[in-house]
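Read through the structure below, which is laid out as structure tokens, and then see the notes.
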Amino acid sequence: MKRSIELLPQVSFSILMALSLKPRHGYEIIQQVDTDSMSKIRLGPASLYVTLKKLIDSDLIEEVDIDGNERRRYYQLTDKGWQRLHTEMGYYTNIAEISKSRLVKKWSHS
Amino acid sequence: MNKHQRILKLYAAGLRLYPKGFREAYGEQTLLTARDTLGTASTSIGKLRVGSHLIIDLLLAAVIENVRHAEENMAKPSQKTSGKSALAAALLGAQIVGIVALSYVYPAGTLQVITAPRAIDTPAVVWYLDSVMPSVVFAVILALTFVLLRRASRLSLWSKITWSYGLWLCGAVGYIMFGNAIDSVVSFYAPNGIPGPVGVGLGLGYDQIVVALIFLTGFYLVVQRLVRLLETSRTTVTK
């Protein structure tokens, strides 16, 4: 039986996406999310850490030690986080394909 | 102190709006990231724009985090606390609920426990004091209660609420048994009250309905808490 999952909010999803390249600290995550979303999502530090806390509590990301930088904390995806990102990506890819085919159909008719 | 530092100082002060646990775990990192973000603005107008964005973000996220923190507290199972702090929270929490309810049910000057009967020729100033005194007493007790309840912080929010209701329920029952509020709770007559839409059929006034609702809620919460305590002890035995 297939289990239905609740999709992550856009900000959480964007953070997971930003961490899929490499472990990052707070400000790097903000910059990456800004780039990935073409400046559509502008995260503030407080919103970022409130969301990071939620993701850590959900076991989707974890802190990681990076040599030479003791002051900043870095975060990376956990196995569960990778799995979740994969599931969400599958959903969005499917939605994008359906939307695209419908748009093509509409254009070809008009 | 330049503009940059002033904004960061304001930001650091704003972090106090967050729950203690969050501040301890992420406060420094949040401030560090805010400093980096502010560093991207070079002009005065840019700093002001980024600074205002930071502050708005800080305030909005504080609301979200506090709501989540409260939800987490309520969802927690009852914590084991020392008898002393539990009793303190219970006694003091009961006051808050009791005072708010009593202040609503009895407008200033009508609570007979505080306002003694006076002769007709009593000076006006005494009448005035009589009418003001319940509010003053309520306010003082409420302030003390609030201060002392903060000290019993080892209890979860849920525990504080349930213990408060439990004690208020006991206190209120005692209060009624002494005859001060029998009419407002159990009587089906409302000679001085305005019957509410639900109470019209039963002959109840708004005050009776409010007190009845408080009692019912309190009773429900106490029963729920007792059930939870029983479940906890059963789990411990099984283990």
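Computed from the coordinates by the stated procedures, all read-outs in this text should not be read as laboratory data. All of these numbers come straight from a predicted model, not from anything done at the bench. A quick note on method: Cβ atoms are made from the backbone with ideal geometry, for glycine too, and the neighbour counts reach across all protein chains shown.
Annotations for the structure displayed:
- For the peptide B:59-67, the mean number of other protein chain Cβ atoms found within 10 angstrom of a residue's Cβ is 3.
- Which listed pairs, of B:K9/B:K47; A:K22/B:K9; A:K22/A:K53; A:K53/B:K3; A:K40/B:K9, have C-alpha distances above 21 Å, in listed order: A:K22/B:K9; A:K53/B:K3; A:K40/B:K9
- Each Lys and Arg Cβ is given +1 and each Asp and Glu Cβ -1; about its Cα centre, the range A:10-108 then shows a dipole of about 660 debye.
- Here A:K106 is the anchor, and the aspartates and glutamates within straight C-alpha reach of less than 17 Å, apart from those fewer than 8 places off in the same chain, are A:E97.
- If you wrap the tightest convex hull around every Cα atom of the range A:10-108 and split its volume per residue, you get 105 Å³.
- Residue mean of other protein chain beta carbons inside 10 Å, B:29-42: 5
- FRET efficiency, 1/(1 + (r/R0)^6) with R0 25 Å, evaluated for A:E6 and A:L103 via beta carbons: 0.35
- Remark: mean inter-chain Cβ contacts per residue of A:52-65 equal 1, using a 10 Å Cβ-Cβ cutoff to other protein chain atoms.
- Each of A:S14, A:S99, A:T35 was placed along the dipole of chain A (beta-carbon charges, centred on the mean Cα), and the one lying farthest toward the positive end is A:S99.
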